[in-house]
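Working notes, beginning with the structure itself.
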Amino acid sequence: MFWPDEPSLEASIREYSSRLLAREEVVGVYLCGSRAKETHTVTSDVDLLVLIRGGTEPALLRPHDRIPAYLPDSFPVGLDLFVYTEEEARSSPFVRRLMEEAVPLLEEEGAPGV
């Protein structure tokens, strides 16, 4: 095992988040899990919550069926994505729990909180 180069990993997270937010339907990208809590270890992955607008084509799919459309071609460590519409996020106890300690990476201006 190796400890990822933190500055490079942070740059990868920022760049990937920017690419996600450039998508028309994406309104916010949030760092979750151990990295958001700053308790990560050498084996930790990156957990990202991606909020999308309802009424878009990806919103017609179930949350776990959306994930492949948002995965990058490559990433320096393991990556777990959670892709929810804003409405699903507000009504989901799981997402509300994620958001309690989530760190906003990028949000569309005026994006509503969950």
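At a glance:
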| item | result |
| --- | --- |
| Every pair of residues 6+ apart whose Cβ atoms lie under 7 Å, when the first sits in the range 7-33 and is free of Cβ contacts under 8 Å to residues at least 60 places away in the same chain and open to solvent by less than 40 Å² (accessible area, probe 1.4 Å) while the second is basic (Lys, Arg) and assigned to a loop (DSSP other than H, G, I, E, B) | Glu25/Arg53 |
| Close pairs (7 angstrom Cβ cut-off, 6 or more residues apart or separate chains): without any contact (Cβ under 8 Å) to a residue 12 or more places away in the chain in the range 89-109, surrounded by 12 or more Cβ atoms within 10 Å (Cβ to Cβ) anywhere | Ser92/Tyr84 |
| Identity of the residue in the range 36-67, in contact (Cβ under 8 Å) with a residue 40 or more places away in the chain and in a helix (DSSP H, G or I), that ends up least open to solvent (accessible area, probe 1.4 Å) | Ala36 |
| Per-region count, the range 96-108, residues assigned to a helix (DSSP H, G or I), open to solvent by 80 Å² or more (accessible area, probe 1.4 Å) and either of a type in the set (Phe, Trp, Tyr) or in contact with a helix residue (DSSP H, G or I) (Cβ under 9 Å, 6 or more places away or on another chain) (or both) | 1 |
| Single match in Asp80, Asp65, Asp47 (criterion: in contact with a helix residue (DSSP H, G or I) (Cβ under 8 Å, 6 or more places away or on another chain) and either modelled with pLDDT under 90 or farther than 18 Å from Leu21 by Cβ (or both)) | Asp80 |
| Boolean, Leu106 is under 18 Å from Ser18 (Cβ atoms) and at pLDDT 95 or above | no |
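Each row is one residue, and each column tells you yes or no for (1) within 13 Å of Leu48 (Cβ to Cβ); (2) at pLDDT 90 or above; (3) open to solvent by less than 50 Å² (accessible area, probe 1.4 Å); (4) part of a loop (DSSP other than H, G, I, E, B).
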position	(1), (2), (3), (4)
Ser74	no, yes, no, yes
Glu87	no, yes, no, no
Phe94	no, yes, no, no
Gly113	no, no, no, yes
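The values are calculated or read from the model by the stated rules, or taken from the named source; none is laboratory data. From a predicted model like this one, the values you see are computed outputs, not experimental measurements. Every residue, glycine among them, receives a Cβ derived from its backbone with ideal geometry; neighbour counts consider all protein chains shown. Calculation scope for accessible area: heavy atoms of the full protein, side chains included, ligands and nucleic acids excluded. Shrake-Rupley method; radii C 1.70, N 1.55, O 1.52, S 1.80 Å.
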